[in-house]
Every structure is written in structure tokens, then in C-alpha cells.
Amino acid sequence: MSSSKPLPNSSSATILPPANKAFVPRDYSHGTELRFSTELPAKLQGRIPEEVFTAVIGNINQLLIAAETGSASVYLESCFACLTGYLAYICMETQYEKCLRSVSRLVEEYNRTVFGPRNLSMIDPSERGLRVIEIVLLRP
Amino acid sequence: MPKRWEVYPGKSQVLCSGRCISAKNLSVFYLTLALIVISSCLFLAFDCRLLAVTLSPSVPVLAAVQFIFVLCCLLRTTFSDPGIIPRGTPDEAAWIESQLEGPQVDRDGNYRPPVRLKDVQINGRVFKLKYCFTCKLWRPPRASHCSTCDNCVDRFDHHCPWVGNCVGRRNYRYFYLFLISLSVYCLYVMVFGIVNLVLLSNMRKDFLMAMKESPTSVLTILVAFFSIWSVVGLGGFHTMLICRETSTNEDIKGSFNQRRHPDLINPFDQGNGLANCCYVLFGPVTPSLLNFREDEIGLGSSISLVTNNGRNGTVSAAAASTAVTATPAVRYSNLTRNNNDATSNSVGHVNNSVQVISESLPAQLPGDGNDVIVKNGNGAPADGVISGGTDAVGAQNSNTQSASSVHCIV
């Protein structure tokens, strides 16, 4: 199993990406809403069918976009927190946190049923600061 | 194993073992705090004596309530994560930088630095995304790098020395409410300070005598008077920015300035000022992405296969990978409660019409009534899971679920 290549310091050397990881970047075409690109990374070609991958990322995107949507319950929750001087956040869980927790559980389930059998492992995007979805290729 | 706050690479100051974060230099913040606290104490201790008796006891009560609200907003602004985007891992950096055009020397022998811009279409408008070499990430639109704190901050507004922190997406509402509540409070203190002096001068029949008798009133009135100009001014400016759904940073750069660029649209504008206000002030709150209270588990390196006492390599690899993913399952709970009894009703409104063509996606998440339901092509639940792997995964999950800790609350 190859590990990630070290980054050379000289500007003339080539930087090699890690051989055992594929990254799914953020998709900003709809604005700053939380959405990841549904394009299958080159490293996963042949490892997972494209429609399965698109559906997985699509489901994750739906949960994430819901996290950032301003619904009536979100506004009420924020108003209530404001009235308590934001002390309510000490004991209350926000809608966003609940959504991200759902995403974590969904990623675990997908690892168990979709990625695990294909020797892949998806890292929860929250672990990567919602920058990328990292998919580890467990076997070359 | 070190916690993430212990290996935080930026220049912000991490306090209370990862529960709070602020700028390194807080000297101006202490001045702000001193001005507010000292003036309030003087007002409550001296002016309110006469006011409570002559006018109403609700005067000092309202003053105290406002004082507490102002302090809450100020402390929340100062000590919460403004929306810092955690730095990219070395693997991510390698992946992105391998795709960037490296530094080149062109035909004339001129050096061209590495290209680090990419164009992105957002709702009909072209944005240039920049790659931040310090933070090793593509900066989201509206994010900016704060050189004082050495972080990329989402929806960066400005770095405020008075408040001792960057103002960004997560703490903008606290900053704005601090400004508004402080404006109201300054006005309140100034008005009732003057009322106190007037009442005293009526009793003593001499205004100068009244001032000599209550010098603290004069002091609080002067502090409030000079503060009002700047606080109300800034509050008004930010009210205008909120209604236009722009940040100070974007306003300074003229990103959405329609006078300079008439065909420019703000793709983040919700349509009207009230909708923008509601979204900015009462919209969803992002939790801190820094996750300071969690263990630093060597995020940069690849996960290596570990064989473990006769178990096959696949199981151990699955276990190793879920050690990374299982821990966050309880991250978003501030209380020590088991993940399984969390209500998922809040996410129930997400439409569950995603159709999956392959049969290997689960029909429903275990234990969830209302989460996104992924329908299989033939309606059958998932199968084809690795035998033995599930037990390892299940064991890992139950171990991490029972061990939840108090998490970063700001």
C-alpha cells in the first residue's frame, strides 16, 4: 500500500498526489451552499459504478443543503436563542448540527454497504472541514 | 494523543482547552470591556439611586438587563470561532497542487508564478476562486484570509480589534447585535444620566452643584456620548450591509458595486432587505469546523492496513477506516447521550425522492424513521456486506458512541 508522497520544496520538482486517495471537491456553481461535485474522480473509475456514486453524493448533498436552508423552525430556534442572550446554545443542539450528524450516520452506512464491499472508505466531510469528501482506496 | 487545539497552526489564541478562540492581541478588547463595565457599574451604583426612587425601580432593572445582553453578545463575538476553515491535510494539498500549473519561465525569460485562480460560475456570475497556499485549500467564494489570525474565514467581514477577533460567518450576528444593543444601551445611559442630573439640579436649584455632587454622572454621560457616534454609525453601516447581503470586505473591494459595474449582480442576495436580514441574523448557525476538542488522529497520512491477530486484512482496514469516521458520529452532541436515540425528525423534510439504480444502497438508515430514504431499484434492502467486517464496524461504533466528551461549544 503506497503512502502519500512527501512534498518537495524546490519549485522545479513535481508534486505527486497521493496514490491511494480520491477527493471530491466542493461544487460552488449554485453559490456558497454546501454541495459536493457529483463527478466521479478518475481514480474511482472502474471501482464503483458512476450512477451509484452520483446517487451517494446526491443524497449527502441533499442533507447538507437542508442544513443551510432557512426554514421556519431554524428562524424560531435562532430567535429563541437570541432572547436568552445566546446562552441557550450551551444546552441546545442546532438544526445544522443535527443535519451534520445525519450526514455522519449516512456516511457510516454507505461505508458499510456501498464502499466497504468495494474496498473503499469514505471519510465524513466534517472531518475535513467540509472542504472535500475523501475516499480512501483500501486496496490498489 | 494530542487534541486538535494543541496542534492548531494559526495565530489565533485558543483558550479554555479548545472551547474558545480569539485573536492573540486582546489589549483593545480589554479597553472595550473596561469602558462598558466601568461605565455601567458607575451608572448602576450612583445614578440609579435617585432614578429608582424618583422615577421607577424598573430603570436600573432595564439597565442591568441591557448590560448583561451587551456583555453576552460581546463575549460571544470575541470568543467564538468566526468561521475558520480548517487547513487542508497534506494529501489534499498534494492533490490540489498537482493540478495547478507550476511556476514557469516563458519565452521571454520572464518568471510566471504558479497559477492559483480558477473560474466558477455562481448563479450566472463568474467568480474567481483563489487557492490559499497557507491554508492549502480553495477558498470558498466570500471567504478571505485574515493575516492577523493567519486563517481563512468563511464570509469574512473584517478583523475587529475592539472585539478582539475576526468577524465572519459564525459570529457576525453576535457582532451586529452587540452594536445594536450597545447603541441602545449608550443612548439609555446617556438619557438617564442627563435625567439624573436634571432631577438633582432641580432639588439643589443649581446645575453646577448637581454636577459636583454627582461627578460619575458626568463621566458616564461623556463616555456614552462619545461612544454613540461611532457605535451608532457602525451599526447603521452594518444594517445597510446586511440588507444588501454584502460583507465589509466585499464592500471595500467593490465586488457587488452596481455603480462601478452596472451589470453586476449579487448572487447571494435573497431578493429583499428583510429576507436578507432574517437570513443573516436568524438563519442557520454553522457549528465550528475546527473540532478542537477531538483527538488529532494523524489526518495527513494515509490509512495503512493493519493485520490484527488472525483477523483478515479487510476487516482491520474497515475497522481502521471507521475509527476515523465513527468518532464524529457523536461529535455534534453537547450532552452525553447515545447517538441512537437522537431525533432525526428535524431532517425529515428533506425530500426523499432520490432513486438509486443499483441494489447495493440501503433502503433506509437503521433506527431512523424520517431520514432520507434511498429507494432501491427493486425495493430490497442492502446486502452484500463483508462478513465479519460488519461485526468489527459495529464494535467500533458502539465503543465510540459510549465515549462522548464535552465538545467545543463556541
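The values are calculated or read from the model by the stated rules, or taken from the named source; none is laboratory data. Just so you know, these numbers come straight off a predicted model, no measurement behind them. Reconstructed Cβ throughout: ideal geometry from the backbone, glycine too, with neighbour counts over all protein chains shown. Heavy atoms of the whole protein, side chains included, go into the accessibility calculation; ligands, DNA and RNA do not. Shrake-Rupley method; radii C 1.70, N 1.55, O 1.52, S 1.80 Å.
Numbers below:
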read-out	value
Output for segment B:20-36, where each listed residue is open to solvent by less than 30 Å² (accessible area, probe 1.4 Å) and either of a type in the set (F, W, Y) or within 21 Å of the chain's Cα centre (by Cα) (or both)	B:C20, B:I21, B:S22, B:A23, B:L26, B:F29
Selection from segment A:13-39 of residues that are at the interface with another protein chain (Cβ under 7 Å from one of its Cβ atoms) and either in contact with a His (Cβ under 6 Å, 6 or more places away or on another chain) or hydrophobic (A, V, I, L, M, F, W, C) (or both)	A:I15, A:L16, A:F23
Where a residue in segment A:127-140 is closer than 19 Å to A:L44 by Cα and modelled with pLDDT under 90 and its partner, wherever it lies, is open to solvent by 10 Å² or more (accessible area, probe 1.4 Å) and outside any strand (DSSP E or B), with Cβ under 6 Å and at least six apart	A:L138/A:N119; A:R139/A:N119
Which numbered condition A:I123 fails, given (1) more than 25 Å from B:L75 (Cα to Cα); (2) open to solvent by less than 20 Å² (accessible area, probe 1.4 Å); (3) more than 7 Å from chain B (Cβ to nearest Cβ)	(3)
Selected residue (only one of A:E109, A:E77 is within 17 Å of the chain's Cα centre (by Cα), charged (D, E, K, R) and more than 26 Å from B:R87 (Cα to Cα))	A:E109
Residue list for segment A:40-65, filter: assigned to a helix (DSSP H, G or I), within 7 Å of chain B (Cβ to nearest Cβ) and not β-branched (V, I, T)	A:E51, A:A55, A:G58, A:N59, A:Q62, A:L63
Residue among B:S230, B:S217 that is over 18 Å from B:A143 (Cα atoms), open to solvent by 70 Å² or more (accessible area, probe 1.4 Å) and either at pLDDT 85 or above or not assigned by the TED database to the domain that holds B:G124 (or both)	B:S230
Filter result (over 27 Å from the mean Cα position of the chain (by Cα) and either at positive phi or small (G, A, S) (or both)) within segment B:37-83	B:S39, B:S40, B:A45, B:A52, B:S56, B:S58, B:A63, B:A64
Residue within segment B:95-104 that is buried (at least 23 other Cβ atoms within 10 Å of the Cβ) and either at pLDDT below 95 or in the same structural domain as B:Q13 (by the TED database) (or both) present	yes
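Okay, residues lined up against (1) assigned to a helix (DSSP H, G or I); (2) not charged (D, E, K, R):
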position	(1), (2)
A:Y28	no, yes
A:A88	yes, yes
A:E93	no, no
A:L100	yes, yes
